[in-house]
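S.K.: I'd like to ask some things about the structure below.
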Amino acid sequence: MTTGPNHPGDHARAAEDPAPTGEDLAALLARLLEETGDKTQKELAEAAGIKYPTLNAWMNRTRGTSRINPDDLRALGNVMRGWGVEVSPRTLFEAAGRPVPGPTDEERERRLLEIYRQLPSKGQRALIQSAEAMLAGARAS
């Protein structure tokens, strides 16, 4: 099997999906860590609040990235930017094969939670199902 520069190893066993841009999360994080000069995976995991074995599995492509918590991707970006490495949230989300979420707005989040809490149980379930369907649609596009 022929492998590309951003996907070394046996693709049949890899848990990683390639990113549309061609650079998956493992390749992106490896490149960004090199740009820091002296930071390690372990330091990145600790600074981002991610368990080292989890980050290591993403970087070794033994764990897929399609279900990474968006907050973890944001944390990775914040740490990298804090270390002087430029990376946009869009770049991280695309490399992980995740839809790029809109910016967070505390007022909208507060309002959504307020509405959710006012709904009866059946309405809460319907709201969750609707939100999950919207997310699935965003992932598919």
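S.K.: Lys/Arg Cβ at +1, Asp/Glu Cβ at -1, dipole of region 52-141 taken about the Cα centre: which of Ser66, Met80, Val100 is farthest positive-ward?
M.R.: Checking the options against the dipole of region 52-141, the answer is Ser66.
S.K.: Explain nothing, just compute: Karplus ³J(HN,Hα) = 6.51 cos²θ - 1.76 cosθ + 1.60, θ = phi - 60°, for every residue of region 107-124 in order, whole Hz, x for Gly and Pro.
M.R.: Running phi through 6.51 cos²θ - 1.76 cosθ + 1.60 with θ = phi - 60° gives 5, 5, 4, 4, 5, 4, 5, 4, 5, 4, 5, 7, 7, x, 3, 4, x, 4 Hz.
S.K.: Rank by packing, highest mean first: peptides 34-45, 93-104, 120-131, with packing defined as the count of other Cβ atoms within 10 Å averaged across residues. Don't skip to the end; give the middle numbers.
M.R.: Numbers: 34-45: 14.1, 93-104: 17.0, 120-131: 10.8.
The packing order, highest mean first, is 93-104, 34-45, 120-131.
S.K.: Within region 48-141, what whole-number % of the accessible surface is contributed by carbon and sulfur, with the 1.4 Å probe and all protein chains included in the calculation?
M.R.: Numbers: 3250 of 6250 Å².
Using a 1.4 Å probe with all protein chains present, region 48-141 comes out at 52 percent carbon and sulfur.
S.K.: Can you compute the modelled spin-label distance between Glu114 and Thr40, with each label point 7 Å from Cα toward Cβ, in nm?
M.R.: Calculated label separation equals 4.8 nm.
S.K.: Highest mean first, what order results for 109-117, 83-91 on Cβ atoms within 10 Å? Write out the running numbers ahead of the final one.
M.R.: Values: 109-117: 10.7, 83-91: 14.6.
By packing density, highest mean first, the sequence is 83-91, 109-117.
The values are calculated or read from the model by the stated rules, or taken from the named source; none is laboratory data. Quick caveat: nothing in here was measured; it's all calculated off a predicted structure. Cβ: placed from backbone, ideal geometry, glycine included. Neighbour counts: every protein chain shown. Remember, those area values only see protein heavy atoms, side chains included, never the ligands or the DNA or RNA. Shrake-Rupley method; radii C 1.70, N 1.55, O 1.52, S 1.80 Å.
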